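Heads up: the structure comes next, in structure tokens.
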Amino acid sequence: MNLVLLGPPGAGKGTQAKRLATRLDIPHVSTGDILRQAVKDGTELGKKAGPLMASGKLVPDDLVVGIVKDRLLQPDAAKGFILDGFPRTIPQAEMLDEGLARHDKALDAVISLEVPIETLVERISGRRSCPRDGSVYHVVQNPPRRAGVCDLCGTGLVQREDDKEESVRTRMQAYAASTAPLKDFYARRGLLRVVDGVGAPEAIEAAVLQAMKPREVTPGA
Ligand code: AP5
């Protein structure tokens, strides 16, 4: 299963991608996570991407496409993958199609998680992450067992730099201008599945799995 999760900042792409990756036993490929690791490691990519990410702007297409191509060539992605946060622009989507076609592959479905803006703001402002293992929590909806501390490794949780108000505004604008048009792009290809992203994470996961099932074709339609 080759899957893309689309949605604005805070829609729950990362949360659902992690659940689906475990259930389907295929890798979760998050360009946001890969770029954040590059920033932390101080690589050339990280030095270029860091300031753009902190301000909420998109990283240039050529940088992001390169890292996704490399990641999808890893052996664990041969049986499928879940892309989270990529593609984010029409050129990225076109380059993904071309890259997959070169290996006789194609996307199976693109899930768009739909969440109202007030809920997105609530989710983003309450999100806390573990800087060590990347676990994601929410201070109200999904709190750690001990406040401010990662359940898995005991590291102190932090707020993402780009989750500050000004950067969130820029990220929302970037989504509306550059990423939302991908819904039409994939609808025209018959790949788009719209899923309500409000509710308990397990209910949303069930809705995503349902949406991924091949559609029945009505005879004569
Ligand atoms: P990225 O890391 O991809 O950020 P994003 O798209 O803004 O998405 P988020 O991580 O904010 O949200 P999410 O949808 O994953 O929600 P989550 O599951 O965490 O990208 C960051 C930056 O990197 C970009 O701004 C850009 O600079 C750069 N970048 C990345 N990819 C790029 C690309 N392809 N091209 C160019 N630049 C790129 O959930 C949010 C919160 O809500 C959490 O606290 C969670 O616990 C909670 N939550 C989740 N689901 C539920 C639920 N059902 N009910 C209640 N709470 C919930």
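The values are calculated or read from the model by the stated rules, or taken from the named source; none is laboratory data. All figures in this text were calculated on a predicted structure; none of them were measured in a lab. Ideal geometry is used to build each Cβ from the backbone, glycine not excepted, and the neighbour counts take in all protein chains shown. Calculation scope for accessible area: heavy atoms of the full protein, side chains included, ligands and nucleic acids excluded. Shrake-Rupley method; radii C 1.70, N 1.55, O 1.52, S 1.80 Å.
I want to confirm something. Restricting to segment 10-41 and keeping residues that are in a loop (DSSP other than H, G, I, E, B) and in contact with a Gly (Cβ under 9 Å, 6 or more places away or on another chain), which single residue is nearest to residue 115 (Cα to Cα)? Break it down stepwise before answering.
Looking only at segment 10-41, we keep the residues that are in a loop (DSSP other than H, G, I, E, B), and these are 10-12, 25-27.
Then keep just the ones that are in contact with a Gly (Cβ under 9 Å, 6 or more places away or on another chain); that gives 11-12, 25-27.
On the way: 11: 6, 12: 9, 25: 26, 26: 25, 27: 25 Å.
Looking at residues that are in a loop (DSSP other than H, G, I, E, B) and in contact with a Gly (Cβ under 9 Å, 6 or more places away or on another chain), I get 11.
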Exercise for the section: Output the residue which, of all residues in segment 53-70 that are modelled with pLDDT of 95 or more and open to solvent by 50 Å² or more (accessible area, probe 1.4 Å), is nearest to the ligand (Cβ to nearest atom). Expected result: 58
Fill in the blank from the handout: Of those in segment 149-175 that are without any contact (Cβ under 8 Å) to a residue 24 or more places away in the chain, of a type in the set (A, V, I, L, M, F, W, C) and part of a loop (DSSP other than H, G, I, E, B), the residue most open to solvent (accessible area, probe 1.4 Å) is 152
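Of the residues 98, 94, 122, 118, only one is open to solvent by 70 Å² or more (accessible area, probe 1.4 Å) and touching a Pro at 6+ places or on another chain (Cβ under 9 Å); which? Explain how you work it out, then say what you get.
Working: 98 fails: touching a Pro at 6+ places or on another chain (Cβ under 9 Å); 122 fails: touching a Pro at 6+ places or on another chain (Cβ under 9 Å); 118 fails: touching a Pro at 6+ places or on another chain (Cβ under 9 Å).
The conditions single out 94.
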Fill in the blank from the handout: Within segment 176-209, residues open to solvent by less than 30 Å² (accessible area, probe 1.4 Å), of a type outside the set (A, V, I, L, M, F, W, C) and touching a strand residue (DSSP E or B) at 6+ places or on another chain (Cβ under 6 Å) come out as 186, 193, 197
Practice task
Please tell me if residue 134 is modelled with pLDDT under 95 and at positive phi.
Solution key: yes
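Take residue 122 and decide whether it is within 12 Å of the ligand (Cβ to nearest atom), over 16 Å from the mean Cα position of the chain (by Cα), among the charged types (D, E, K, R) and not in a strand (DSSP E or B).
Numbers: within 12 Å of the ligand (Cβ to nearest atom): yes; over 16 Å from the mean Cα position of the chain (by Cα): yes; among the charged types (D, E, K, R): yes; not in a strand (DSSP E or B): yes.
Judged against the criteria, residue 122 is a match.
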Practice task
Within segment 125-137, work out how many residues are assigned to a loop (DSSP other than H, G, I, E, B) and open to solvent by 60 Å² or more (accessible area, probe 1.4 Å).
Solution key: 2
Completion exercise
The one condition residue 112 fails out of (1) open to solvent by less than 20 Å² (accessible area, probe 1.4 Å); (2) hydroxyl-bearing (Ser, Thr, Tyr); (3) at pLDDT below 95 is (3)
Completion exercise
If we ask which residues in segment 72-97 are assigned to a helix (DSSP H, G or I) and within 16 Å of the ligand (Cβ to nearest atom), their number turns out to be 9
Completion exercise
Checked pairs for segment 91-120, first touching a residue at least 40 places away in the same chain (Cβ under 8 Å) and under 15 Å from residue 8 (Cβ atoms), second part of a helix (DSSP H, G or I) and hydrophobic (A, V, I, L, M, F, W, C), C-beta under 6 Å and 6 or more apart or across chains, list as 111/208
Fill in the blank from the handout: All conditions in (1) touching a strand residue (DSSP E or B) at 6+ places or on another chain (Cβ under 6 Å); (2) more than 8 Å from the ligand (Cβ to nearest atom) are true of residue 136 except (2)
